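The values are calculated or read from the model by the stated rules, or taken from the named source; none is laboratory data. Since the model is a prediction, treat every value here as computed from it, not as a measurement. In this analysis, Cβ positions are derived from the backbone assuming ideal geometry, glycine residues included, and neighbour counts consider all displayed protein chains. These accessible areas exclude ligands, DNA and RNA; they are computed on the full protein's heavy atoms, side chains included. Shrake-Rupley method; radii C 1.70, N 1.55, O 1.52, S 1.80 Å.
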Amino acid sequence: MRRLAYVYIFGLLMVALAICGFISYRSKKPIGKRVGLLCFSFIPPALGNMIIVGSITENMALAGSYLYYIGMDIIMLSLIGFTRHYCIFSDGSLTDKRRIPVWLYAMILIDIAQLLLNPIYGHAFSLQKIDLFGTPYFLMVSKIGQAYHRIVCYGIVAVVMAVFIIMCIRVPKIYRERYAVILFSLIVATVWQTVYIFSRMPINRSIIGFAFFAVATFYFSICHRPVHLLDSMLARIVSEMKVAVFLYDPEGRCIWVNRPGRELTKISGRDYERAGDELTGLFGGMEELSERTDHEFTAFSGGKTCYYLVNRGRFFDEEGRVLGSYVNVRDNTAEKQRVEQELFQSNHDMLTGLYTREHLFRKINERLKHDNKADYYIALVDISDFKIVNDVFGKEFGDYALKKVADWIRLYSDESCIYGRLVGDNFGSCLPKKLFIPELINRDLSRFKVKMGNTEQPLMIHVGFCEIGEEDNDVSILFDRARLALSTIKNDYKTHVAFYDRRLRERVRWNQEISSELHTAIEENQIVPFLQPIADRSGNIVGAEALARWIHPKHGFMNPGDFIPLFEENGMIVDLDKHIWKSVCGILKDWKEKHPGLFISVNVSPKDFYLTNVLSDIKSYVEESGINPKDLRIEVTETSMMNDTDMRMKVLEEFRKSGFIVEMDDFGSGFSSLNMLKDMPVDVLKIDMKFLSSSKDNVRANTIVKNIIKLSDDLGILSLTEGVETMEQFDMLSDMGCVLFQGYYFAKPVKLSEFEEMLAAVQGA
Ligand code: C2E
Ligand code: CA
Ligand code: CA
């Protein structure tokens, strides 16, 4: 009955081993297959053991014994395999594959061989029939071969134990559990086996010990989650974290603090409760803080400001009961400084350290939102010809000069000013009116010099100011106004301060208005050429100059002075001139029959050369109207020739080749030299009396005119004097050899009909 009980127990063990083996084999863990083989390897000896205990014939017992002993050898093989895999440690020490001694395998194979030879030689064991609980039982009688078998098995187990012991010693403490439990179960199994051997009990129960080992191995290597290992790993991670961590029990007592936390609260040892109190001292009670969000705190430590991000939360168990809470504190000072630095860099000009344009505008906007706008001025500081400074003295000097200007602005300003670098050599400021002292600015700027090494250079600096109206909200418009004010003194070497006032405002408004109206004016023929007669030495009208007049529906009669300078500045002069050229061609076409031989001169502005193809435009108008090119005279000024001189001269040459007569207008007003004259491809020289009569010394002026006339005569160029107002002037100029005359003495510029009446009167006379 008892024997049957053992049979059942062994049977159950086999089932258990099979299940463990199967689970292990299917497991995804790398060690799974080894553990599986180990578990399976215990099944044959268990079966053998079961047969031995349950056998009723000697042959059965014999078969069971062989199965048992040879099975033990198979266990040894799989134990070696398992140990080899389980104990490989990251540094490859101990159980490196190459270091498994071959003799271990050899010993096992010899053992199997000698066991298999036992039926022939009977050297290992024999069976002795005894009576056990009233039934026959076949007891094993050990012989020399059996001793060898035991030596092999114990030897291998001893080696495996030694490996596990070494592992326990060598591995970090937190991994010790992994080896210790298997070592322990191996010891238990071995002791169990040894007890059996020495107890000389008839029934072999050793397999129970081995099965225990196999199941324990299976459990610890496949199923068991090493909680302790995880705990200590997590604890270590938390300890090593840069974030200060404080853990609290449900009552709110601080129960653990990691190293950074202890450093933050300046506690040593394990006085965690005090650390909790210190933390409260630093940041106040944590209870009110919303959970799992970062709260920013500032603290002063060691004379500097530190920034912290504090995060708080609670732990709950599965039932939702509070297990405790945590507070973590992150030192955000470096990050904050980095962000502040980046912000500073993005808001400040690298060179001068002043605000950038965008930041300046932002700051001024903020200020004007809160303060009384009427208390402030907007100022624009500009360095004249800064490009030249850069070109002549080099970029390094240029940069230095900009820094010096920035320094001057800093020095002039106080904390109530907002100033920055707008772009290039332009600086901007919003300053309280009380700080605006024009005399001081003028004095500072009139002697502004930059000295770097041996180089000293005065800088021409101008400042444009404008007031801020209640309705002015766009900072860039305010700076545009200041710039406009500045443009009025751009070339003034004495005045450094200009103001955007009502007059300037009016001019701007006027400019905008008439610019917007130009195209309609052209379409509706509000702009027409007036004609001023040009006479010869006998006083006969031989031609005219076309001078634009704008008969404005609202503003009435407008002289060119009201609109030409503006259109020259903004480039719209091209449209106006084309309109005049076209209109004049129309008049000449009409005159072809009525007044053949009369010419009309048209003005060509310097800008026209930039913005259009003057030659092809004029030629096309002439061709369209079928007039003779020599009747349309082309007036260019010296300034037109100043840039791109060679190209422009070629254009004039082309005009002449095409049959046009080219006139040099306002000779003497510009920068021309007489030297230039000899290369100029012009037919007529227009000398303006205005420039000469402004001279106080009439005799000298007259001498100059006389010589210009003579010189042009020598060069084969006709001379035309304009601005002739009196008969004396006419007589004098005639005597000097001048050929053509234009001026109020003959007539003012008049509209076409009047001019034609004038012609008719002369012809009639
Ligand atoms: P400009 O080409 O030198 O024209 C001569 C100016 O002197 C005209 O002024 C004329 O009215 C004025 N003038 C003529 N005789 C006398 C005189 O005896 N005494 C005085 N004090 N002045 C006299 P206006 O018509 O006001 O033209 C001024 C300037 O506007 C012109 O100077 C010319 O540079 C420009 N301008 C006029 N019409 C046009 C045009 O259609 N196109 C371009 N591009 N410029 C034009
Ligand atoms: Ca002219
Ligand atoms: Ca002129």
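Looking at the range 631-649 only, could you name the residues that are within 13 Å of ligand 1 (Cβ to nearest atom) and either within 18 Å of Glu568 (Cα to Cα) or outside any strand (DSSP E or B) (or both)?
Result: Ile634, Glu635, Val636, Thr637, Glu638, Thr639, Ser640.
Can you name the condition, by its number, that Pro560 falls short on among (1) within 16 Å of ligand 1 (Cβ to nearest atom); (2) under 30 Å from Leu733 (Cα atoms); (3) open to solvent by 50 Å² or more (accessible area, probe 1.4 Å)?
(3)
Can you run down the residue pairs with Cβ atoms below 7 Å, 6 or more apart or on separate chains, where the first is in the range 415-437 and over 16 Å from Asp472 (Cβ atoms) and open to solvent by 30 Å² or more (accessible area, probe 1.4 Å) and the partner is assigned to a strand (DSSP E or B) and of a type in the set (Gly, Ala, Ser)?
Partner pairs satisfying both residue conditions: Tyr419/Gly428; Tyr419/Ser429.
List pairs: first residue in the range 312-336 and touching a residue at least 24 places away in the same chain (Cβ under 8 Å), second residue of a type in the set (Lys, Arg) and crowded, with 17+ Cβ neighbours inside 10 Å anywhere in the structure, Cβ distance under 6 angstrom, at least six positions apart or on different chains.
Qualifying pairs under 6 Å: Val327/Arg312.
I'd like to check something: does the range 584-603 contain any residue that is more than 47 Å from the chain's Cα centre (by Cα), touching a residue at least 24 places away in the same chain (Cβ under 8 Å) and farther than 29 Å from Ala761 by Cα?
No, the range 584-603 has no match at all.
Looking at the range 19-38, is at least one residue open to solvent by less than 40 Å² (accessible area, probe 1.4 Å) and in contact with a strand residue (DSSP E or B) (Cβ under 9 Å, 6 or more places away or on another chain)?
Within the range 19-38, not a single residue is open to solvent by less than 40 Å² (accessible area, probe 1.4 Å) and in contact with a strand residue (DSSP E or B) (Cβ under 9 Å, 6 or more places away or on another chain).
I want to confirm something. Restricting to the range 632-644 and keeping residues that are away from ligand 3 (no atom under 16 Å from the Cβ) and open to solvent by 40 Å² or more (accessible area, probe 1.4 Å), which single residue is nearest to Thr721 (Cα to Cα)?
Result: Met642.
Residues are listed down the side, and each one gets a yes or a no for (1) away from ligand 2 (no atom under 16 Å from the Cβ); (2) open to solvent by less than 50 Å² (accessible area, probe 1.4 Å); (3) touching a Gly at 6+ places or on another chain (Cβ under 9 Å):
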position	(1), (2), (3)
Lys494	yes, no, no
Ala498	yes, yes, yes
Arg502	yes, no, no
Arg509	yes, no, no
Glu513	yes, yes, no
Ala521	yes, yes, no
Asn540	yes, no, no
Ala546	no, yes, no
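Can you go through Val651, Val622, Val614 and tell me which one is within 16 Å of ligand 2 (Cβ to nearest atom) and either under 59 Å from the mean Cα position of the chain (by Cα) or open to solvent by 30 Å² or more (accessible area, probe 1.4 Å) (or both)?
Sole residue among the options that is within 16 Å of ligand 2 (Cβ to nearest atom) and either under 59 Å from the mean Cα position of the chain (by Cα) or open to solvent by 30 Å² or more (accessible area, probe 1.4 Å) (or both): Val614.
Within the range 654-668, take every residue that is open to solvent by 30 Å² or more (accessible area, probe 1.4 Å) and within 16 Å of ligand 3 (Cβ to nearest atom) and give me the one that is farthest from Leu547 (Cα to Cα).
Going through the qualifying residues, I end up with Gly668.
Since Gln532 meets every condition but one in (1) open to solvent by less than 30 Å² (accessible area, probe 1.4 Å); (2) outside the structural domain of Pro565 (by TED's automatic domain parsing), which condition does it not meet?
Every listed condition holds for Gln532 apart from (2).
Would you point out which residue out of Arg270, Arg274 is basic (Lys, Arg), over 29 Å from the mean Cα position of the chain (by Cα), modelled with pLDDT of 85 or more and surrounded by 11 or more Cβ atoms within 10 Å (Cβ to Cβ)?
Arg274
Conditions (1) under 11 Å from Leu685 (Cβ atoms); (2) among the basic types (Lys, Arg); (3) more than 16 Å from ligand 3 (Cβ to nearest atom); (4) surrounded by fewer than 12 Cβ atoms within 10 Å (Cβ to Cβ), marked per residue:
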| site | (1), (2), (3), (4) |
| --- | --- |
| Asn698 | no, no, yes, yes |
| Lys710 | no, yes, yes, no |
| Met727 | no, no, yes, yes |
| Phe730 | no, no, yes, no |
| Ser734 | no, no, yes, no |
| Cys738 | yes, no, no, no |
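In the range 654-677, which residue that is more than 14 Å from ligand 1 (Cβ to nearest atom) and at pLDDT below 85 is nearest to the chain's Cα centre (by Cα)?
Only one residue fits best here, namely Phe671.
Which is of a type outside the set (Ser, Thr, Tyr), away from ligand 2 (no atom under 15 Å from the Cβ), loosely packed, with under 14 Cβ neighbours inside 10 Å and touching a residue at least 24 places away in the same chain (Cβ under 8 Å), of Pro553, Pro629?
From the options Pro553, Pro629, the qualifying one is Pro553.
Counting only residues that are surrounded by fewer than 17 Cβ atoms within 10 Å (Cβ to Cβ) and within 30 Å of Leu109 (Cα to Cα), how many does the range 162-182 have?
4
Run Tyr745 past the list (1) in contact (Cβ under 8 Å) with a residue 60 or more places away in the chain; (2) near ligand 1 (Cβ under 10 Å from one of its atoms) and report the number of the one that doesn't hold.
(1)
Counting only residues that are in contact (Cβ under 8 Å) with a residue 60 or more places away in the chain and part of a loop (DSSP other than H, G, I, E, B), which one in the range 446-472 is nearest to Val497 (Cα to Cα)?
Filtering first and then ranking leaves Met460.
Condition test on Ile75, is it surrounded by fewer than 20 Cβ atoms within 10 Å (Cβ to Cβ) and β-branched (Val, Ile, Thr)?
The answer is no for Ile75.
Given Leu38, Leu47, which one is in a helix (DSSP H, G or I), closer than 15 Å to Ile74 by Cα, touching a Ser or Thr at 6+ places or on another chain (Cβ under 6 Å) and assigned by TED's automatic domain parsing to the domain that holds Ile208?
Residue meeting the stated conditions: Leu38.
Within 14 Å of ligand 3 (Cβ to nearest atom), hydrophobic (A, V, I, L, M, F, W, C), at pLDDT below 95 and assigned by TED's automatic domain parsing to the domain that holds Lys751, is that true of Ile687?
In short, yes.
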